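Student: Can you read through this structure? Questions will come right after.
All of the numbers you see were taken from the coordinates with simple rules; none came from a lab. Everything quoted here is computed from the prediction, not taken from an experiment. Reconstructed Cβ throughout: ideal geometry from the backbone, glycine too, with neighbour counts over all protein chains shown.
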Amino acid sequence: MNYWLMKSEPDVFGIDHLAAMPEQTEHWDGVRNYQARNMMRDQMKVGDQVFFYHSNTDVPGIVGLAEVVKEGYPDFTAHDPDCKYYDPKSSPDNPRWFMVDIKLVRKLKRTISLREMKDLAEGPLEGFRLLGKGNRLSVMPVEKEYWDYILGLE
DNA sequence: GCCAACGTTGGC
DNA sequence: GCCAACGTTGGC
């Protein structure tokens, strides 16, 4: 089993949106970055655990846990000209972008803020990719030692 | 293949 | 709103 962190803007699709979905499950569309795509297409497996992270908000941080319930399949929003994620270079026959489905496990009792994690960047969270300089990846792997430590902060 | 221009992400 | 980081595009 592997561990991941996925970023989303709460105004666009936050943890409460996920909680309100049927089965508390949603497909993770709109990722248009090759590194993130490769992880969703090739590496994320059913049962993998996910930190749900809120970005671009007052208190950025981890707000919930989710799990992968469907492995990589074509992101059909790339094929809808009316969708903001439309990409004419992708097609159903030759899809360029992929997504997974995730299901809410639970919301955290409190937000584990980026600020709090940064303060640990030279200690227990040294090397955690989220804290690296200029990291903009919206999907990233989380090593188990970091996963366990961060959950322990809750 | 290089690299300048441009666009996006995301914290602050 | 600003701006650093950095990925992508396209001319050459």
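Student: Only residues that are aliphatic (A, V, I, L, M) and either over 11 Å from the mean Cα position of the chain (by Cα) or under 17 Å from A:Met117 (Cβ atoms) (or both): list them for the stretch A:45-69, please.
Tutor: A:Val46, A:Val50, A:Val59, A:Ile62, A:Val63, A:Leu65, A:Val69
Student: For the list (1) touching a His at 6+ places or on another chain (Cβ under 8 Å); (2) within 16 Å of DNA strand C (Cβ to nearest atom), I need the number of the one condition that A:Arg96 fails.
Tutor: (1)
Student: Quick one: what pairs do we get from the stretch A:122-142, first residue in a helix (DSSP H, G or I), second charged (D, E, K, R) and away from DNA strand B (no atom under 13 Å from the Cβ), C-beta under 9 Å, 6+ apart or different chains?
Tutor: Final answer for the pair search is A:Arg129/A:Glu143.
Student: Find all pairs meeting these conditions: Cβ atoms under 9 angstrom apart; at least six residues apart or on different chains; first residue within the stretch A:71-86 and free of Cβ contacts under 8 Å to residues at least 60 places away in the same chain and closer than 12 Å to A:Val31 by Cβ; second residue small (Gly, Ala, Ser) and surrounded by fewer than 16 Cβ atoms within 10 Å (Cβ to Cβ).
Tutor: Cβ pairs passing all conditions: A:Ala78/A:Ser91.
Student: Of the residues A:Gly72, A:Gly30, which single one is small (Gly, Ala, Ser), away from DNA strand B (no atom under 16 Å from the Cβ) and either on the phi > 0 side of the Ramachandran plot or under 15 Å from the mean Cα position of the chain (by Cα) (or both)? Steps first, please.
Tutor: Working: A:Gly30 fails: away from DNA strand B (no atom under 16 Å from the Cβ).
Sole residue among the options that is small (Gly, Ala, Ser), away from DNA strand B (no atom under 16 Å from the Cβ) and either on the phi > 0 side of the Ramachandran plot or under 15 Å from the mean Cα position of the chain (by Cα) (or both): A:Gly72.
Student: While we're on this one: Counting only residues that are surrounded by 12 or more Cβ atoms within 10 Å (Cβ to Cβ), among the charged types (D, E, K, R) and out of contact with any helix residue (DSSP H, G or I) (no Cβ under 7 Å at 6 or more places or on another chain), how many does the stretch A:91-105 have? Working first, answer last.
Tutor: Filtering the stretch A:91-105 for residues surrounded by 12 or more Cβ atoms within 10 Å (Cβ to Cβ) gives A:91, A:95-105.
The next check asks that each one be among the charged types (D, E, K, R); those that pass are A:96, A:101, A:103.
So of that shortlist, the ones also out of contact with any helix residue (DSSP H, G or I) (no Cβ under 7 Å at 6 or more places or on another chain) come out as A:101.
Here the count works out to 1.
Student: Looking only at residues that are among the hydrophobic types (A, V, I, L, M, F, W, C) and surrounded by 13 or more Cβ atoms within 10 Å (Cβ to Cβ) in the stretch A:20-42, which one is farthest from DNA strand C (Cβ to nearest atom)? Explain how you work it out, then say what you get.
Tutor: First, the residues of the stretch A:20-42 that are among the hydrophobic types (A, V, I, L, M, F, W, C): A:20-21, A:28, A:31, A:36, A:39-40.
Then drop every residue that is not surrounded by 13 or more Cβ atoms within 10 Å (Cβ to Cβ), which leaves A:21, A:28, A:31, A:36, A:39-40.
Details: A:Met21: 28, A:Trp28: 17, A:Val31: 11, A:Ala36: 9, A:Met39: 13, A:Met40: 14 Å.
So, considering only residues that are among the hydrophobic types (A, V, I, L, M, F, W, C) and surrounded by 13 or more Cβ atoms within 10 Å (Cβ to Cβ), the one farthest from DNA strand C (Cβ to nearest atom) is A:Met21.
Student: Test of understanding: among A:Ile102, A:Ile112, which residue is within 14 Å of DNA strand B (Cβ to nearest atom) and outside any loop (DSSP other than H, G, I, E, B)?
Tutor: Matching residue, one of A:Ile102, A:Ile112: A:Ile112.
Student: Any residue at all in the stretch A:49-65 that is part of a loop (DSSP other than H, G, I, E, B), within 16 Å of A:Trp4 (Cβ to Cβ) and away from DNA strand B (no atom under 16 Å from the Cβ)?
Tutor: Scanning the stretch A:49-65 turns up no residue that is part of a loop (DSSP other than H, G, I, E, B), within 16 Å of A:Trp4 (Cβ to Cβ) and away from DNA strand B (no atom under 16 Å from the Cβ).
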